[in-house]
1. Looking at Arg205, Arg230, which is the one that is among the charged types (D, E, K, R), open to solvent by 60 Å² or more (accessible area, probe 1.4 Å), in contact (Cβ under 8 Å) with a residue 60 or more places away in the chain and in a helix (DSSP H, G or I)?
2. Across the range 208-227, what is the total count of residues that are in a loop (DSSP other than H, G, I, E, B) and without any contact (Cβ under 8 Å) to a residue 12 or more places away in the chain?
3. At pLDDT below 95, more than 16 Å from the chain's Cα centre (by Cα) and either assigned to a helix (DSSP H, G or I) or not hydroxyl-bearing (Ser, Thr, Tyr) (or both): is that true of Asp113 in this structure?
4. For the range 76-93, which residues satisfy the criterion of being outside any loop (DSSP other than H, G, I, E, B) and under 16 Å from Pro178 (Cα atoms)?
5. Which of (1) at pLDDT 95 or above; (2) exposed (fewer than 15 other Cβ atoms within 10 Å of the Cβ); (3) of a type in the set (Lys, Arg) is the odd one out, the single condition Arg181 does not satisfy?
6. In this structure, does Ile72 turn out to be touching a Gly at 6+ places or on another chain (Cβ under 8 Å) and crowded, with 19+ Cβ neighbours inside 10 Å?
7. Show the residue pairs meeting these rules: Cβ distance below 7 Å; 6+ apart or different chains; first residue within the range 86-112 and under 30 Å from Ala228 (Cα atoms); second residue basic (Lys, Arg) and assigned to a strand (DSSP E or B).
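The values are calculated or read from the model by the stated rules, or taken from the named source; none is laboratory data. These numbers were taken from a predicted model, which means no experiment stands behind them. Positions of Cβ are backbone-derived with ideal geometry, glycine not excepted, and every protein chain shown enters the neighbour counts. These area figures cover heavy atoms from the full protein model, side chains too; ligands, DNA and RNA do not enter into them. Shrake-Rupley method; radii C 1.70, N 1.55, O 1.52, S 1.80 Å.
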Amino acid sequence: MTDRPEACVLIHGAHHGSWVWDPLLAHLQLPTLAVDLPGRGARPADLRSLTLDDYAVAVAADIHAAGLRRVILVGHSLAGSVAYTVAARTPNAVAHLVGIAAVFPSPGHSAIDLWPAGLRWLPRTGLVLRPGGASAPLRLSTRKARRRLTNDLDGEQARWLLANLCPEAVGLTTSPVPRTRLAPGLQRTYVLCSKDRALPSERQRRHARAIGAQIIEIDTGHDPMVSAPRLLADVLNGLLPT
């Protein structure tokens, strides 16, 4: 089996959809598959019942349906958990795992477990007490989204991003990634976004170290595929074997 990837598979983060990759696509050298996770776009679903497993199954199904045997798998933000799960379960299909400002919980743990051990009860209690209960979809207010996601966007980019954000399944944060470790020979790269207000640089570095990834730092906010698509494409294109 050749290790040269056939395509780049892009997994959007929480509250986003496959649309967020649109500014990037024309700049990538490989054929590209941008997936919609369940609960949005081409995959309507009940957000109250979705889990990380549902998300990973959907990505694997899209890879299989496209007839792809070897891919660069890219996870943005909380989709780091999704990408990790797919890579751990289908090691022969993934040539390179890439995180962009991504969250990588340790095997057997969830994103919500990234809180300090003595404080993990806080977010879990907050989920139970909020309107709609623990399984209600997560909603990102315009105020928080503007503060965390738009600091390096121009006015048109910010309006486009904010208009397309959607609710998210709480299962993305509460479901543990599998205990299966990544294949030892899997290439791993972490794109660190130094202006990110959603996930500070030091936390990004911890996530990169957690999966043993090479770090490539770019001077952008949380959504470089929107603010700097050519720059991000240069990074992804540079990962191709020569």
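1. Working: Arg205 fails: in contact (Cβ under 8 Å) with a residue 60 or more places away in the chain.
The match here is Arg230.
2. 0
3. Values: at pLDDT below 95: yes; more than 16 Å from the chain's Cα centre (by Cα): yes; either assigned to a helix (DSSP H, G or I) or not hydroxyl-bearing (Ser, Thr, Tyr) (or both): yes.
Judged against the criteria, Asp113 is a match.
4. Ala79, Gly80, Ser81, Val82, Ala83, Tyr84, Thr85, Val86, Ala87, Ala88, Arg89, Pro91
5. The single condition Arg181 does not satisfy is (1).
6. Values: touching a Gly at 6+ places or on another chain (Cβ under 8 Å): no; crowded, with 19+ Cβ neighbours inside 10 Å: yes.
No, not satisfied.
7. Taking only residues 6 or more apart or on different chains, the pairs are Leu97/Arg188.
Okay, residues lined up against (1) on the phi > 0 side of the Ramachandran plot; (2) open to solvent by less than 30 Å² (accessible area, probe 1.4 Å); (3) without any contact (Cβ under 8 Å) to a residue 60 or more places away in the chain; (4) assigned to a helix (DSSP H, G or I):
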{"residue": "His27", "(1), (2), (3), (4)": "no, no, no, no"}
{"residue": "Leu47", "(1), (2), (3), (4)": "no, yes, no, no"}
{"residue": "Ala56", "(1), (2), (3), (4)": "no, yes, yes, yes"}
{"residue": "Ile63", "(1), (2), (3), (4)": "no, yes, yes, yes"}
